[in-house]
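**Student:** Have a look at the structure that comes next, please.
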Amino acid sequence: MRQVSATIAFLSTLWESRSMAHHNEIVRESFTVQAKAFAANPWVTDKQRIRRLVAAARLTGDERVLDIATGPGYIAEAFARAAREVIGVDLTAAMLAIGEERTKKHGVSNLSFRIGDVQSLPFEKEEFDVVVTRLALHHMQNPAKVVREMARVCRLGGTVLVEDIYGSEHSERAAYQDRWEKLRDPSHVRTLPISELLHFFREAGLETDSLSTFEDLCPELERWLATTRVPLGDAAEVRRLLEEDRLHDLSGTRPFLDAAGQRHFHARTATLAGRRFRLLT
Ligand SMILES: C[S@@+](CC[C@H](N)C(=O)[O-])C[C@H]1O[C@@H](n2cnc3c(N)ncnc32)[C@H](O)[C@@H]1O
């Protein structure tokens, strides 16, 4: 009986690691294709939103910061201007290359980039004062594990900062959003409801010091589709699903038409700041 359980555990670990490796390939492929367009998008470069995230960390200037799934490194660069040292980690070389070129040109010398899988961070425990990630957890197959990893490498009293799009608390509405998100980008896994993000923080041993939600990220649909170069048939289906959503309120993202008749939706974002505390024994 014990042998059967051990075999089942072994097979499920094997299946999980194969599935993660496969998903990582999908992530690399998607973000290699979209790297340039992604890095030029206003919802990625917006200085005010970047400043807001940095402010949430309440830096003193002496911190060592880790930005996970850093992509083109806008968050890492902003932190580097306000902290002692920053490391940015990402799976996709094409994304990191954009960050490296830009920050070199800007003369940022306290920032370095590394290729790595954030589901298993290549750092010792408690190495950083602040561990941050933006717009990335919804691409992860095991986001709970990623938050645990963030907490592991963060020192006691340090800050774990997560900003991401969030989904409806009603699972069928969140699933509706995931349908058009996945058609648009196969590396999308799941938009997490805030209750689940809070649960991950609690399970990772983090005290949630603040939670803020924002509705100021409203991508224009055609530019959003062009970023990931969605095939024509899938793009038509995304437009159809969003139109249904606009007419019947199906996901909570409240798609709308602007004055010029262009379509947008609310990519609702949440920022959570958590503090690592000493567990009572
Ligand atoms: C939407 S981009 C966000 C980039 C950046 N954080 C920002 O806000 O500008 C998501 C990034 O997550 C990275 N990514 C996804 N899964 C990852 C993983 N398991 N390990 C490392 N990076 C990952 C992708 O390569 C991509 O650069």
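**Student:** Can you work out the FRET efficiency for the pair R223 and E25, with r the C-beta to C-beta distance and R0 = 22 Å, to the nearest 0.05?
**Tutor:** Numbers: r = 26 Å, r/R0 = 1.19.
According to the calculation, E is roughly 0.25.
**Student:** Let me ask something else. Taking R0 as 30 Å, what's the FRET efficiency between H106 and R155 from their Cβ-Cβ distance, rounded to 0.05?
**Tutor:** Details: r = 28 Å, r/R0 = 0.94.
In this case the efficiency is close to 0.60.
**Student:** While we're looking at this one, here's another question. What lysines sit close enough to K105 to cross-link, taking a C-alpha to C-alpha distance under 27 Å and skipping anything fewer than 8 places away on the same chain?
**Tutor:** K36, K47
**Student:** Give, rounded to the nearest 20 debye, the magnitude of the charge dipole that the chain has about its Cα centre when Lys and Arg contribute +1 at Cβ and Asp and Glu contribute -1 at Cβ.
**Tutor:** Working: 39 positive and 40 negative charges, 92 e Å.
Result for the chain is approximately 440 debye, rounded to the nearest 20.
**Student:** Among P122, L135, L257, which residue has its Cα positioned farthest towards the positive end of the charge dipole of the chain, with +1 placed on the Cβ of Lys and Arg, -1 on the Cβ of Asp and Glu, and the dipole taken about the Cα centre?
**Tutor:** P122
**Student:** With 10 angstrom as the radius, rank L14, L59 by how many other C-beta atoms surround their C-beta, starting from the fewest. Kindly include the intermediate steps, with their values, before the conclusion.
**Tutor:** Values: L14 10, L59 18.
In increasing order of surrounding Cβ atoms, one gets L14, L59.
**Student:** Also: Per residue of the chain, what 222 nm ellipticity follows from adding -39500 (n - 2.57) for every DSSP H run with n ≥ 4, rounded to the nearest 500? Could you put the intermediate results ahead of the total?
**Tutor:** On the way: 10 runs with 131 residues, N = 281.
Computed ellipticity for the chain at 222 nm equals -15000 deg cm²/dmol.
**Student:** A further question on this structure: Please give the peptides 213-222, 244-253 ranked by average Cβ packing (other Cβ atoms within 10 Å per residue), highest first, as a rough proxy for protection. Please list the in-between numbers first.
**Tutor:** Working: 213-222: 15.3, 244-253: 17.7.
The most tightly packed comes first, giving 244-253, 213-222.
**Student:** Under a Cβ-Cβ cut-off of 11 Å, what is the net charge of the residues other than I50 that fall near it, where Lys and Arg count +1 and Asp and Glu count -1? Don't skip to the answer; put the middle values down first.
**Tutor:** Values: positive: K47, R49, R51, R52, R81, R134; negative: D46, E77, E163.
Computed value for this residue: +3.
**Student:** Where in region 155-177 does the amide nitrogen come within less than 19 Å of the point 7 Å from the Cα of T213, taken along Cα to Cβ?
**Tutor:** Within reach of a label on T213: 162-177.
**Student:** Could you list M20, M95 in order of exposure, starting from the residue whose Cβ has the fewest other Cβ atoms within 10 Å? Intermediate results must be reported in sequence, preceding the final value.
**Tutor:** Values: M20 17, M95 26.
Fewest-to-most Cβ neighbours within 10 Å comes out as M20, M95.
Laboratory data are not the source of any read-out in this text; all were calculated from the coordinates shown. Nothing here was measured: the structure is a model prediction, and the numbers come from that model. Cβ atoms come from the backbone with ideal geometry, glycine included; neighbour counts cover every protein chain shown.
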